[in-house]
Structure formats: C-alpha cells, structure tokens
1. How many residues, within region 102-128, are assigned to a loop (DSSP other than H, G, I, E, B) and modelled with pLDDT of 70 or more?
2. Would you check which residues across region 1-51 are part of a loop (DSSP other than H, G, I, E, B), among the hydroxyl-bearing types (S, T, Y) and closer than 17 Å to S62 by Cβ and list them?
3. Step by step: first the residues of region 13-33, then only those that are of a type in the set (A, V, I, L, M) and surrounded by fewer than 19 Cβ atoms within 10 Å (Cβ to Cβ), then the one that is modelled with the highest pLDDT. Which residue is that?
4. Report yes if L64 is among the aliphatic types (A, V, I, L, M) and out of contact with any helix residue (DSSP H, G or I) (no Cβ under 8 Å at 6 or more places or on another chain), otherwise no.
5. If a residue must be aromatic (F, W, Y) and under 11 Å from the mean Cα position of the chain (by Cα), how many such residues does region 60-101 contain?
6. So which pairs qualify, if the first residue must be in region 27-55 and touching a residue at least 12 places away in the same chain (Cβ under 8 Å) and over 13 Å from D13 (Cβ atoms), the second must be loosely packed, with under 13 Cβ neighbours inside 10 Å and of a type in the set (G, A, S), the Cβ gap must be under 8 Å, and the two must be at least 6 apart or on different chains?
7. Which one of these does R53 not meet: (1) over 18 Å from the mean Cα position of the chain (by Cα); (2) outside the structural domain of P110 (by TED's automatic domain parsing)?
Amino acid sequence: MTSRSDEGQHLRDLARLRRVRDRIDREYAQPLNVETLARDAHMSAGHLSREFRRAYGESPYSYLMTRRIERAMALLRRGDLSVTDVCFEVGCSSLGTFSTRFTELVGVPPSVYRQEGANATVGMAPCVAKQVTRPIRNREASAPGRP
C-alpha cells in the first residue's frame, strides 16, 4: 500500500513542478524567488529545489535565469535597448549578476552580444533564431555528441 501512496505523491509533486516551471516561463520578468514559488506550490523551498533539480536537471533559480537570458538575447538582437534596459526588462535587479550570468551562458558579455548579435539571425524565422541562439547550460555543454 505504501508504494502506491508514494507513487501518487510523486505524481502530484511532478504536476506541481510542471506548474512551477510553467509559471517561471510565463512570469520570468516578475520578481520570483524559490521561497515564493515553493509556498505557492504548497512545498517547502528545500523540497521544491531538490525535486525540481531531480526532474529538470537544474535548480529553479538556474532555470529562471536561463529563461531571462534567453529573452535578453532576443531583446539585445533587436538593438533598440541598452544592456541596462534589457537587464531590468527581463526581471534582473542587478546589472552585475545579469552580466555575469549572461557571459557564463552565452560566452560573451551582453554589450558584445548586442553589437554582434543583430546580424546573427538576419533572414531567419524567429522560431529558428530562438533555437539557434539558445544559451547552452553547463550540463549541456559537456553532453556527449555536442560540438
């Protein structure tokens, strides 16, 4: 009987984790933190972090920052906003943290990306540009078969 209840709890946790991930995808520009996400999912912050990492391979904070950097890349390619404006537009409150994380994921600072990125996707459909310019997370960089 215990294994069925454990299985049921695991499935309920997975559904909650999906809702948390969907919320991060929708509300990436809002002030989000693990404590708020956990409270709204009726989980403790520690449990949410552990289970999110187990399900998706990274922490909720890392996932949030990757979403923010992906959106920042698109805004920087447009070229009509400054790096500072983009930083705040995507929900980051610290330009230093934003620049550091952007450089880690993209490989160049946001100011360099802004200068060079505008031409990188000329003529591409937006859906293709999004896939081609997607930041590489640390766990993906060392994946077998990845150049």
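The values are calculated or read from the model by the stated rules, or taken from the named source; none is laboratory data. These numbers were taken from a predicted model, which means no experiment stands behind them. Glycine gets a Cβ as well: all are built from the backbone with ideal geometry, and neighbour counts include every protein chain shown.
1. Here is the first cut: in region 102-128, the ones assigned to a loop (DSSP other than H, G, I, E, B) are 107-109, 118-125.
If we keep only those that are modelled with pLDDT of 70 or more as well, we get 107-109, 123-125.
So the count comes out to 6.
2. As a first pass, look at region 1-51 and keep what is part of a loop (DSSP other than H, G, I, E, B): 1, 28-33, 41-44.
Now drop any that are not among the hydroxyl-bearing types (S, T, Y), which leaves 28, 44.
Selection gives Y28 alone.
3. The first filter runs over region 13-33 and keeps only residues of a type in the set (A, V, I, L, M), leaving 14-15, 17, 20, 24, 29, 32.
If we keep only those that are surrounded by fewer than 19 Cβ atoms within 10 Å (Cβ to Cβ) as well, we get 14-15, 29.
On the way: L14: 90, A15: 92, A29: 95.
Step by step, filter region 13-33, then rank; the result is A29.
4. Working: among the aliphatic types (A, V, I, L, M): yes; out of contact with any helix residue (DSSP H, G or I) (no Cβ under 8 Å at 6 or more places or on another chain): no.
No: the conditions fail for L64.
5. Keep residues of region 60-101 that are aromatic (F, W, Y), which gives 61, 63, 88, 98.
Now narrow it down to the ones that are under 11 Å from the mean Cα position of the chain (by Cα): 61, 63.
Count: 2.
6. P31/S93
7. (1)
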